Amino acid sequence: MSTAPMPDALMADEGIRNVIIVGSGPAGLTAAIYSARANLAPLVIEGEPSSTSDQPGGQLMLTTDVENYPGFPDGVMGPELMIKFREQAQRFGAEMLTDKVTRVDLSGPPHGVWVGDPDAPEPTYRAWAVIVSTGAQSLMLGLEAEERLIGHGLSTCATCDGFFFRDQHIAVVGGGDSAMEEATFLTRFASKVTVIHRRDELRASKIMQDRAFANDRIEFLWNNVVLDIHGEEKLTGIEVQNVVTGEASLLDVTGLFIAIGHRPNTDLFERQLKRKENGYLVTEPDSSRTEIEGVFACGDVQDDFYRQAVTAAGSGCMAAIDAERWLESAGHG
Amino acid sequence: MAESITTLTNETFDEVIGSAELPVVVDFWAEWCGPCKMIAPILDEIAVEKAGVISVAKLNVDDAQDVALRYQVMSIPTLIVFKDGEPAKRIVGAKGKQQLLQEIGEVAF
C-alpha cells in the first residue's frame, strides 16, 4: 500500500480506491506522478512483460536513443527514461502492480477493474476514478509464419535483437519514423538493411528520412509489400511483391524487423468507451474526460495524431488534474 | 538481483551447466534490452520461490557472445532451461510471471 498520508477529505471509502491507472507508459506514469503528489494514492496496473504487445513502460521499452525528450541534451535510452518515470511515481507513493487488466466495468462510479480471472464475479479493485493509458502496440503483418518465426529472425524490437544480426543482410518493413529509426539503428550491426515500403515516399519526419537516405548501408525497396516469410526453424528469406507491377520476388535476408504502425490497446473497453473508427478512444476536446463520469483517457490510446512521449506525458498530467478536480467536485474519496 | 542467481560467462558456462544437479534456467539478456529489464525482477522472484527445485542463472550476451552464438540466440530475452547439461526448453521474449512459471514448469517441475 501507499505510504503517502491522505487528507480526510480524500480518504477512500471501504475498499474503493481514489484512482486506478491502467497502463504505465509516459502517460500513465505521469498521471501517477501527479496523482501521487496530490495524495490520491494511485494504483498503477502496469501490464505484463511482453516483447510483442503492450508492456510495462510502454513502447519506449522497445526503443533505443530518445533524442527529442526535453531535458536530455545528449539523448536518453528509452528503457532508462521509463525506469526513471517509474521511480519518480514510486517516490510519491504510487503503488505498482505488474499485472494485466483482464476486464473493466465502467458502469460506476465506482468502477470495477479485474486482474487475473475475468469471469470472477467481483472486480479485483474498485475505484472512483479510472485513468486509461493503455497505449498502442505494433501492428503485425498477419502472416501464418509470423508466430513461428518471431524471435527466430522476425522481430518487432530492433534494440532487443539487432545485435544478433552482425554482418548480415536484413530488412525493415515500414515507412514511418519507427521504421527509419530501426533501420538506422540496425546499420550498427548489419552489413545491409533493406527498407521495404509499400509506397514510393516515406511517412517519416524529415530528419529521420535525411538520416536514413544519408546512410550508405540502407537501401530502399519502394512500392513493395511483404507477401510471405520463409523458414522453418529460423527466417531464411522473404517474399515481396511490387504493388505497381505485381511482380513477386525473393529477398535473401536473415532478419525482418516489423515497423508498419500501431493499433491502440482498446479491446478492453469495447462497448463501454466511445471509440473512433480506427479504434482510438474519444475524449472531450481540450480534456482527458471520456463520456463516462470518472473515466479519463490519456496518451497514445486516445492520440492518433501526435503520438510522442512528451505529448503522452503532457496528456497524462491533464488526466491526473482532471481526475483530481472531478474527485473533489463529486465529493468522492 | 537475488543472491541465489549465478552470473555465467564463456569460461564458466560449461562447468556450471554441466555439473548442475537442478534444472538451470539461463536468462540471456543485455543491458540495452528493455524487455530483459522487465522480466529481471520476475526471475528474481522465481529464483527465490523455486529455490531447491530449479536454479536461475544470467548470461550477458555482450560478455558471453560465444555461448549465445552456440545456442543460436537471436532475440533477447531468451530463457533456456537446461536439464542434465542439455537444453530442454527455450522461451523467447518477455512474458508474465504465470506464463513463465508454466513454461519452465513443463520441463523443470
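Summary of computed values
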quantity: Anisotropy class of chain B from Cα gyration tensor, a/c 1.5 cut; calculated: rounded
quantity: Cα shape, the stretch A:179-263, gyration tensor, a/c 1.5 rule; calculated: oblate
quantity: With Cα atoms, 0 to 90° folded angle of helix A:177-186 axis to chain A main axis; calculated: 60 degrees
quantity: Proximal charge balance of A:GLY23 [Cβ under 11 Å; K/R count +1, D/E count -1]; calculated: -2
quantity: Among A:ARG91, A:ARG271, A:ARG307: highest mean-square fluctuation, GNM of chain A, C-alpha pairs under 10 Å; calculated: A:ARG271
quantity: Global geometry of the stretch A:187-330, whether rounded, prolate or oblate, following the gyration tensor of its Cα atoms and the 1.5 cut on a/c; calculated: prolate
quantity: Average silhouette area of chain A, convex hull of alpha-carbon atoms, in square nanometres; calculated: 18.0 nm²
quantity: For chain A, built as a Gaussian network whose Cα springs stay under 10 Å, the top-fluctuating residue of A:MET77, A:MET318, A:MET180; calculated: A:MET77
quantity: Tail beyond 14 Å, pair distance distribution of the stretch A:285-333 (Cα, percent); calculated: 50 percent
quantity: Proximal aspartates and glutamates relative to A:LYS234, as straight alpha-carbon distance under 12 Å, when same-chain residues fewer than 8 apart are discounted; calculated: A:GLU146, A:GLU147
quantity: Per-bin percent of Cα-Cα distances, the stretch A:69-174 [10 Å]; calculated: 10, 25, 28, 26, 10, 1
quantity: Sequence-distant residues sharing a close amide H with A:GLY255 (under 5 Å, placed H); calculated: A:ALA171
quantity: Residues with amide H under 5 Å from that of A:ILE131, placed H, sequence gap 5 or more; calculated: A:ILE20, A:ILE21, A:VAL22, A:PHE296
quantity: Any cysteine of chain A lacking a neighbouring Cys Cβ under 4.7 Å - listed by number; calculated: A:CYS298, A:CYS317
quantity: Per residue convex hull volume, Cα atoms of the stretch A:85-142, in Å³; calculated: 134 Å³
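All of the numbers you see were taken from the coordinates with simple rules; none came from a lab. Note that the structure is a prediction, hence the values are computed from the model and not measured. Neighbour counts run over all protein chains shown; Cβ positions are idealised from the backbone, glycine included.
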